[in-house]
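Note sheet for the following structure.
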Amino acid sequence: MSGFKKYYQKPWADRLQVLQTEQLLTADQLASLKAVAVNPKLGETMIENFITSYSLPEGLALNYMIDGKDYVVPMVTEEPSVIAASSNGAKLVKQAGGFKTNLTERLMIGQVVLENVVAPTELATKLKKAEEQLLQVANAAHPSIVKRGGGARFIRVRILAADLISLDLAVDVKQAMGANMLNTMLEAVADYVRTNYQQEILMSILSNYATSCLVTAHCQIPLALLATKQLAGKEVGQKIAQASRLAQLDVYRATTHNKGIMNGIDAVLIASGNDWRAVEAGVHAYAARDGQYRGLSEWQVVGDNLEGKLTLPLPVGFVGGSIGIVPLVKLNHQLLQLESAEELEKICVSVGLAQNLAALRALVTEGIQKGHMHLQLKSLAVSVGAKQAELAPLISALESAGVRDSNSAKRLLAELRRKED
Ligand code: NDP
C-alpha cells in the first residue's frame, strides 16, 4: 500500500486516485465517491485525509413547546422511528402545557494532572491558596473570553492518590463548547505549576464530565392524556413510573433507557454542529454518579398527573468548532430560531424527555415493535433492492406475512416482480 505514503499531503484528486491504484475501488466507484462529495474544500479544512462526504438523513421533530416557545427541531439520524417518537412524546407534553426547564450555570471543567507528587496534602493547600494567581494565569492565556464576560471562575484541588493530584479549573466559556479555549488555559496553568512548584505534570485537558453545566427539563401530564385503546391513562402512568423505577435498579435496562434518551439528543447535536461524543461521554458518566449506572430520567404519578424530570450535563456550543463553517448547521440554527447555547441545552434536554416518554409509553403498552415496524420494513425493502414503486407493495406483503427478515423480503420482492411480468 505504498500509495498511502504522505497521503495527507496529496491533493484531493490524487488521494482518490490512490484508491484505484491500490485496487481498493474501481473507476466507477471513484466517480460515485466524487459525486457525493459536498464541498470538498470545506471537507479538507475540517478533517485529515478527506475523501468524500457521508450524508445522513435530516428530518424535523414537531410539536415541541419549551418554556412557552414553539419549536420545530431538526434531527440528523439514520434510525427509523426516532423522529416519529420524538414528535409523539412532544405532542403529549404540549397538550399538557409543554416543557419547563431550569439552567443555573454553564461552566466547563478541565484538569491539570500533577504526577510524582511527594507531599500531596501540603501541595494541595499551596495550590488552593494560589487560586487567584492561577485564575489570572488561565485568563491571560485566552484574554478574548474575558472580554466577552467569561473566563476562569474557580479551581478545585483533588488528591487522587498519594502521588497524583488533579487541579481542576472551571471556566465560563460563554457561547462556545470551550474545549479548545479551556485546553489553552490549562496548558498555561500547567506551565505555571511546573515552573513555580517544580512539579511534574502528566497531562492537561478538559473533562467531558460537565457537572457544572447541568440543565433540567420537567413536564406534568394529566393521566387521562396517556390512555391507549386498551389501557386507562392511570394504568399507563403507573406502568411508566414502574419502568422508570426499573431503570434505577437494573443496569441492563438503564443502559437501553438512556440510549433511547440519547437517540433524539444526538440527532439534535449533529444537526446543530455539536460534538455528540463529548456529550455522550458526560451523560453516561453522570448516569453513574452515585457508583451505579442508572436511568437518567425520573417519572412518577403524583395525584392525577404523571410527572417527568430529566437532568443532564449538556456542554453544547452555539459558536465555535464546526458550527460557523458548515452551511447546513447555520440553516438548522435558523430552523430552531436559536439564540444561545443555553437555549440549545434546554431544547436538547426536552428532546431527551420527550423521546423517553414516547419510548416508555410504547414499551409498557403495545410494545416497541408496532410503532417501529413500518419504517423498519421500509429500510428492509430498500436494503433488498426494492425500487420506489415497489416499496409500498413490498411493505404491505411483509406486513401481511408477518415476517421481517431479508430472505423473506427478497422472496416476496421476487414474487411481486413475477406478478408484474
Ligand atoms: P473553538 O476552538 O472554535 O473556540 C470557540 C471560539 O469562538 C473562541 O475562540 C471565540 O473566539 C469564538 N467566539 C465567538 N463568539 C463567542 C462567544 N459569544 N462566546 C464564546 N466564544 C466565542 O471551539 P471550542 O473551544 O468551543 O471547542 C469546540 C471543539 O473542540 C469541538 O469541535 C470539539 O469537537 C473539539 N474538541 C473536543 C474535545 C473534547 O471534548 N474532549 C477535546 C478537544 C477538542 P475568540 O478567540 O474571538 O474569543
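Values for this structure:
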| item | result |
| --- | --- |
| Residue count, the stretch 149-207 (criterion: hydroxyl-bearing (S, T, Y) and in contact (Cβ under 8 Å) with a residue 60 or more places away in the chain) | 3 |
| Top-ranked residue in the stretch 43-59 [being among the aliphatic types (A, V, I, L, M) and surrounded by fewer than 17 Cβ atoms within 10 Å (Cβ to Cβ); ranked as farthest from L328 (Cα to Cα)] | I47 |
| Residues (within 15 Å of the ligand (Cβ to nearest atom) and in a loop (DSSP other than H, G, I, E, B)) located in the stretch 163-204 | V173, K174, Q175, M177, G178 |
| Count of the stretch 1-58 residues which are among the acidic types (D, E), more than 23 Å from V326 (Cβ to Cβ) and in a helix (DSSP H, G or I) | 2 |
| Qualifying residue in the stretch 330-338 (condition: free of Cβ contacts under 8 Å to residues at least 24 places away in the same chain and surrounded by fewer than 12 Cβ atoms within 10 Å (Cβ to Cβ)) | yes |
| Residue that is in a helix (DSSP H, G or I), free of Cβ contacts under 8 Å to residues at least 12 places away in the same chain and more than 15 Å from the ligand (Cβ to nearest atom), where the choices are R253, R245 | R245 |
| Residues satisfying the stated conditions in the stretch 95-113, i.e. in a strand (DSSP E or B) and closer than 30 Å to Y192 by Cβ | L107, M108, I109, G110, Q111, V112, V113 |
| Flag if R106 is within 31 Å of the chain's Cα centre (by Cα), more than 16 Å from the ligand (Cβ to nearest atom) and either closer than 28 Å to E345 by Cα or at pLDDT 95 or above (or both) | no |
| Qualifying residue in the stretch 283-291 (condition: over 17 Å from A217 (Cα atoms) and within 16 Å of the ligand (Cβ to nearest atom)) | yes |
| Residues of the stretch 136-162 that turn out to be of a type in the set (A, V, I, L, M, F, W, C), in a helix (DSSP H, G or I) and over 27 Å from the mean Cα position of the chain (by Cα), as a count | 5 |
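The values are calculated or read from the model by the stated rules, or taken from the named source; none is laboratory data. Nothing here was measured: the structure is a model prediction, and the numbers come from that model. Every residue, glycine as well, gets a Cβ built from its backbone with ideal geometry; the counts of neighbours run over all protein chains shown.
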